[in-house]
Structure formats: C-alpha cells, structure tokens
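Read through the structure below, which is laid out as structure tokens, and then see the notes.
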Amino acid sequence: MPLFDSHSHLDAPEFDADRAAVLERAVAVGVEEQLVPAVSFATWSSLRAVCALRPGLYAAYGLHPMYLSEHRPEHLDALPGWIDREKPAAVGEFGLDFFVDGLDAELQRLYFQRQLEIAKHFALPVVLHARRAVDDVILALRRIGGLRGVVHSWSGSEEQAKQLWDLGFCLGIGGPVTFERAQRLRRTVATMPREFLLLETDSPDQPDAARPGGRNEPAFLCTVLEEVARLRGESEAEVASVTTDNARRLFVSPPSAAAR
C-alpha cells in the first residue's frame, strides 16, 4: 500500500542525527512519498538538500506565521525567484495563527495575502496553516479565487470543512484523529468526501495517541491510516489508495492549462 505523507517537516533539526534511518523506516512501511513544507527563508536551502536525498520527496517553499519574527519583506520578494528556479510542488507552509500570543495579526495577513498571490501567479497548490483562523482563511481564499491546496492539521468545524470543499480544498488529517477526545474531528473524517482527504504526520510534531510527547516521524503515518480507515468503515488499502491518489493529483500531477 503506497502511502503519501502530505505534510512532513523532514528537514527539521530533530531529524539531523538519523534522517537516513527515518527515511528507511518510512519506505519500509510504504510511505514512499512526502511533501516537505518550509517554515522560513533560512530553511529553504537545507530543505532543498533534504528533498534531493531520494525520489518521492517534494519541496514546498513558504513563510510560516509562527516564525513571523524571522520573516522580512525581502523574503517575500525572494519567493517568486525560488519558485521559478526550483519548481516546487507547492507554496507553503503559510497561513494565519491567532492562537499563539504575540503574533501581529495584521503582519500575518500581509505575508498570508502576498503568498496567496504568488501561488496563484504560478498556478501552484498552497499548504495552509489555520489555527483559530479558519474563517479568515476561507474568506481570503474566496476573495482571491482560483487556488487549490490543503488546510493541514484540520481542526475546524464541519461547516467550515464544507466551505473548504466547496472551494476545492483538501483537509490534512494526522495524529490528532487518533485521540478519543477529538470527537468533532472524528465525525468529520468519518463522513467527509473521499476526494478531499489527505493523510499527514506533521512530523516531528503532533504524534499519535500511542506516542504522546514523543518525536513523530513519517513511518507513523500507518497509525493515522488505521484510525481513518476504522472511522470510515473502509479497508486500509482503500483509504491508502484514495489518499495517495489525492496527494499525487494535488502535488505531483500539474493541472492542464484548461483546468487552471
């Protein structure tokens, strides 16, 4: 069952000591492809090197809202050149975070809007972070129009999810779905349209319920797969096939000119 981890920070320093082994463990259990999104300009070069380690690792370049203090206007200016030269699979990770104290909301919006515009210009999918900001993200997507992508680490309401599906956006489902207390998330996953479902780890963050507090890694995507299949009453093979196809369609197979 080939699997696609649609959100893995494989370039993170937590993997510096054993990145090759982490990759081997992932491939051994079927995680053959990963989307690796950046968080800041300073990480773009090292992320590029990590994605060159083996086929099936796809880079995305962006400026994450939680690293707002590191971002500079010239980083936004540099992003189109990186995209034009490196041909990444997506723009990201970027978005809005109104959960963390001290992050300037208006400055976040500036970086968010500009990256949406860049993604639209290059006809690339977006990898979005939306924490206590889903309504704002949906409004921005409606205003700009013509974008596709994923809101990763989904935690919104079922109504918000429906609004995103209407816009053609996928939801990234990871370790949080394995926790029994995540009842709203589980209801959404159980009944959501399969064409908008993606699996992710967000490794090294967001480990599943079996590994609370530990380092997450792409090989643990299998645990997410098991729980999603159980919730949906479908076989693991079926969920693996659908979610891998969804991720490949979004990140690997570019849309035709007529579809843009």
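Of all strands (runs of 3 or more DSSP E) completely enclosed by region 114-199, which ones contain at least 1 residues that are at positive phi?
In region 114-199, 149-151 are the strands (runs of 3 or more DSSP E) which contain 1 or more residues that are at positive phi.
Can you pull out the residues in region 175-210 that are touching a Phe, Trp or Tyr at 6+ places or on another chain (Cβ under 7 Å) and either modelled with pLDDT under 95 or among the aromatic types (Phe, Trp, Tyr) (or both)?
Listed by number, the list holds a single entry, Phe196.
Among (1) of a type in the set (Ser, Thr, Tyr); (2) farther than 27 Å from Ala219 by Cβ; (3) in contact (Cβ under 8 Å) with a residue 60 or more places away in the chain, there is one condition Thr191 misses while meeting the rest; what is its number?
Condition not satisfied by Thr191: (3).
Would it be correct to say that Gly56 is in contact with a Leu (Cβ under 9 Å, 6 or more places away or on another chain) and on the phi > 0 side of the Ramachandran plot?
Against the criterion (in contact with a Leu (Cβ under 9 Å, 6 or more places away or on another chain) and on the phi > 0 side of the Ramachandran plot), Gly56 does not qualify.
Between a first residue in region 94-119 that is under 15 Å from Pro73 (Cα atoms) and a second residue that is part of a strand (DSSP E or B), which pairs have beta carbons less than 6 Å apart while being 6 or more apart in sequence or on different chains?
Gln108/Leu96; Phe112/Leu96; Gln115/Val91; Gln115/Phe94
From Phe94, Phe98, Phe112, grab the single residue that is touching a Lys or Arg at 6+ places or on another chain (Cβ under 6 Å), of a type in the set (A, V, I, L, M, F, W, C) and modelled with pLDDT of 95 or more.
After ruling out the rest, the residue left standing is Phe98.
For region 69-82, which residues satisfy the criterion of being within 16 Å of Pro37 (Cβ to Cβ) and either crowded, with 17+ Cβ neighbours inside 10 Å or free of Cβ contacts under 8 Å to residues at least 24 places away in the same chain (or both)?
His71, His75, Leu79, Trp82
So which of Ser8, Ser46 ends up being over 15 Å from Gln115 (Cα atoms) and either among the β-branched types (Val, Ile, Thr) or crowded, with 17+ Cβ neighbours inside 10 Å (or both)?
Selected residue: Ser8, the only one of Ser8, Ser46 that is over 15 Å from Gln115 (Cα atoms) and either among the β-branched types (Val, Ile, Thr) or crowded, with 17+ Cβ neighbours inside 10 Å (or both).
Have a look at Gly172, Gly213 and point out the one that is within 30 Å of Ala20 (Cβ to Cβ) and in contact with a Ser or Thr (Cβ under 8 Å, 6 or more places away or on another chain).
Gly172
What do you reckon, is Ala60 crowded, with 24+ Cβ neighbours inside 10 Å and of a type outside the set (Asp, Glu)?
yes
Could you figure out which of (1) over 19 Å from Val127 (Cβ atoms); (2) of a type in the set (S, T, N, Q); (3) within 18 Å of the chain's Cα centre (by Cα); (4) surrounded by fewer than 15 Cβ atoms within 10 Å (Cβ to Cβ) isn't true of Ser253?
Single failed check for Ser253: (1).
Which members of region 11-21 meet the condition of being crowded, with 20+ Cβ neighbours inside 10 Å and not charged (D, E, K, R)?
Passing the criteria: only Phe15.
Of all residues being within 18 Å of the chain's Cα centre (by Cα) and in contact (Cβ under 8 Å) with a residue 40 or more places away in the chain in region 24-35, which is surrounded by the fewest Cβ atoms within 10 Å (Cβ to Cβ)? Just the residue, please.
So the residue we want is Glu33.
Within region 90-126, track down each residue that is of a type in the set (Gly, Ala, Ser), more than 12 Å from Asp136 (Cβ to Cβ) and surrounded by 14 or more Cβ atoms within 10 Å (Cβ to Cβ).
Listed by number, the residues that qualify are Ala90, Gly92, Ala119, Ala123.
Could you tell me which numbered condition Phe179 fails, if it satisfies all but one of (1) of a type outside the set (S, T, N, Q); (2) loosely packed, with under 15 Cβ neighbours inside 10 Å; (3) over 22 Å from Ala130 (Cα atoms)?
Tallying (1) of a type outside the set (S, T, N, Q); (2) loosely packed, with under 15 Cβ neighbours inside 10 Å; (3) over 22 Å from Ala130 (Cα atoms), Phe179 fails exactly one: (3).
The values are calculated or read from the model by the stated rules, or taken from the named source; none is laboratory data. Note that the coordinates shown come from a computational prediction; the quantities given were computed from them, not determined experimentally. Note that we place each Cβ from the backbone using ideal geometry, even for glycine, and neighbour counts take in every protein chain shown.
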